[in-house]
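Worksheet: one structure, shown below.
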């Protein structure tokens, strides 16, 4: 039996914990005190259907990022990757569809910017933040 695709939605809420748990693949499970970021339905015999479900989950993640731009770069994708059991071969259709769709969307986004110029600006921004932190530690925080 093919997995039923999750309902599509928007993800604007006030607390990040409220937002992430709404993603169709994020759930609390009894063994953990924090969410598990890769909860998929039982493996299906239809590999293409599992890939479609993975793509749909990637679309949910992308919509979440669009709706929560201030959390972009805060490690959500890393938490997802950490929780995937890549050894469970029967589930691989889910993560293949998920990552292949993210890869396609990364390509589309990268076409819109000069990639190396953008990463250089990110390096400068992070260097500035580090320098600010050093100065605040040295001289104390200045109240404005």
Any residue in the range 81-93 that is surrounded by fewer than 17 Cβ atoms within 10 Å (Cβ to Cβ), within 9 Å of the chain's Cα centre (by Cα), at pLDDT 95 or above and farther than 17 Å from residue 6 by Cα?
yes
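Would you check if residue 65 is outside any loop (DSSP other than H, G, I, E, B), modelled with pLDDT under 95 and out of contact with any strand residue (DSSP E or B) (no Cβ under 8 Å at 6 or more places or on another chain)? Before the answer, list the steps.
Details: outside any loop (DSSP other than H, G, I, E, B): yes; modelled with pLDDT under 95: yes; out of contact with any strand residue (DSSP E or B) (no Cβ under 8 Å at 6 or more places or on another chain): yes.
Taking the combined requirement at face value, the residue satisfies it.
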Within the bounds of the range 102-125, is there any residue that is within 24 Å of residue 19 (Cβ to Cβ) and touching a helix residue (DSSP H, G or I) at 6+ places or on another chain (Cβ under 7 Å)?
yes
Give just the number: which of (1) within 28 Å of residue 122 (Cβ to Cβ); (2) touching a helix residue (DSSP H, G or I) at 6+ places or on another chain (Cβ under 8 Å); (3) buried (at least 17 other Cβ atoms within 10 Å of the Cβ) does residue 52 not satisfy?
(1)
Just to be sure before I move on: is residue 78 part of a helix (DSSP H, G or I) and farther than 25 Å from residue 2 by Cα in the structure I sent?
yes
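Being within 23 Å of residue 103 (Cβ to Cβ) and not in a helix (DSSP H, G or I) is the filter here; which residues of the range 14-40 pass it? Full working, then the answer.
Step one: of the range 14-40, the residues within 23 Å of residue 103 (Cβ to Cβ) are 20, 23-26, 37-40.
Hits for the range 14-40 are 23, 24, 25, 26, 37, 38, 39, 40.
The values are calculated or read from the model by the stated rules, or taken from the named source; none is laboratory data. Because the structure is a prediction, the values reported are computed rather than measured. Neighbour counts run over all protein chains shown; Cβ positions are idealised from the backbone, glycine included.
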